[in-house]
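Have a look at the structure below before the remarks.
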Amino acid sequence: MSGIRSTRIRAALFTAPLVAIGILDSTVVPAGATASHPAKSLTCRGEGVEPNALVRHRTETVIHAPLRTIWKLQTDVERWPSWQGAVTSVNRLDHGPFRKGSAFRWTTPVPPNPTTPATSLEITSTVEQLKHNSCIRWTGPAVGEGLRIDGVHIWNFTKVKGGVRVSTEETHTGAEVEADVPTATKILRQGLETWLRELKTAAEAPTQSRPY
């Protein structure tokens, strides 16, 4: 059973941890990105990630673009598919400005593997804390065939010389990911680095080709 469970985790998570997933078979880290596991986690309005989670990762990069551009890319969730390769659909479940209490449901494909057919993960995220142009914290489950992940995801945006330092930290809990913590952690790391890389690419694109 452990081999089957490990295969299922790899197949599902390599496509969609609770991050904006990208091309996860690439191990290229965004230019200037760093990763660490500091004692003090990121927070947004005093709230952090799940303190007891076994699967966690934190990373950051500097993006050479205006804060308003980066913030708009990140918070206009319905346009994620335009710059995130593996996000197939996003639907806002509320209306108006992106704010505390906003919720959105998004999907990403899971390819077929020896134990499960091709399927899709459905992720429902709810913004629990937000400070405009500063931080976001959302939570929510990702559910697919034979898999459920409960995630907490935090983003911090800090102006620095020449751009914005974007820091992110995420934790995952759930029986499937906790059955193979090293693999789940590796996949989470790759997913977060992919998200940062794609956010950096979109934000730093020439003005005429930027989506914002």
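The values are calculated or read from the model by the stated rules, or taken from the named source; none is laboratory data. Computed from a predicted model, the values in this text were never measured in an experiment. Reconstructed Cβ throughout: ideal geometry from the backbone, glycine too, with neighbour counts over all protein chains shown. These accessible areas exclude ligands, DNA and RNA; they are computed on the full protein's heavy atoms, side chains included. Shrake-Rupley method; radii C 1.70, N 1.55, O 1.52, S 1.80 Å.
Any residue at all in the range 137-150 that is in a loop (DSSP other than H, G, I, E, B) and within 17 Å of the chain's Cα centre (by Cα)? Outline the logic, then answer.
The first filter runs over the range 137-150 and keeps only residues in a loop (DSSP other than H, G, I, E, B), leaving 145-146.
Among the residues that remain, those that are also within 17 Å of the chain's Cα centre (by Cα) are: none.
No: zero hits.
So TRP195 clears everything in (1) open to solvent by 40 Å² or more (accessible area, probe 1.4 Å); (2) modelled with pLDDT under 95; (3) within 20 Å of VAL62 (Cβ to Cβ) except one condition, right? Which one?
Here TRP195 clears every test but (1).
Scan the range 157-183 for residues that are open to solvent by less than 30 Å² (accessible area, probe 1.4 Å) and under 16 Å from LEU199 (Cβ atoms) and report the count.
The number of residues fulfilling the criteria is 8.
Among the candidates GLY162, GLY144, which residue alone is farther than 26 Å from PRO97 by Cβ and in contact with a strand residue (DSSP E or B) (Cβ under 7 Å, 6 or more places away or on another chain)?
Values: GLY162 fails: in contact with a strand residue (DSSP E or B) (Cβ under 7 Å, 6 or more places away or on another chain).
It is GLY144.
Which of the residues that make up the range 99-118 are surrounded by fewer than 20 Cβ atoms within 10 Å (Cβ to Cβ), modelled with pLDDT of 95 or more and assigned to a loop (DSSP other than H, G, I, E, B)? If you could, list the steps in order and put the result at the bottom.
Taking the range 99-118 first, the residues surrounded by fewer than 20 Cβ atoms within 10 Å (Cβ to Cβ) are 99-101, 103, 105, 107, 109, 111-118.
Retained after the next criterion (residues that are modelled with pLDDT of 95 or more): 99-101, 103, 105.
Result: ARG99, LYS100, GLY101.
Mind listing just one residue for me: the one in the range 68-98 that is assigned to a loop (DSSP other than H, G, I, E, B) and open to solvent by 80 Å² or more (accessible area, probe 1.4 Å) and, of those, nearest to PHE157 (Cα to Cα)? I'd like the intermediate steps shown before the answer.
We begin by selecting, within the range 68-98, every residue assigned to a loop (DSSP other than H, G, I, E, B); these are 76, 83-88, 93-98.
In the following step, the residues that additionally are open to solvent by 80 Å² or more (accessible area, probe 1.4 Å) were identified as 88, 93, 95, 97.
Working: THR88: 26, LEU93: 25, HIS95: 24, PRO97: 18 Å.
The selected residue is PRO97.
I'm trying to understand the selection: among the residues of the range 47-57, which are crowded, with 17+ Cβ neighbours inside 10 Å and out of contact with any helix residue (DSSP H, G or I) (no Cβ under 8 Å at 6 or more places or on another chain)?
Listed by number, the residues that qualify are VAL49, GLU50, ALA53.
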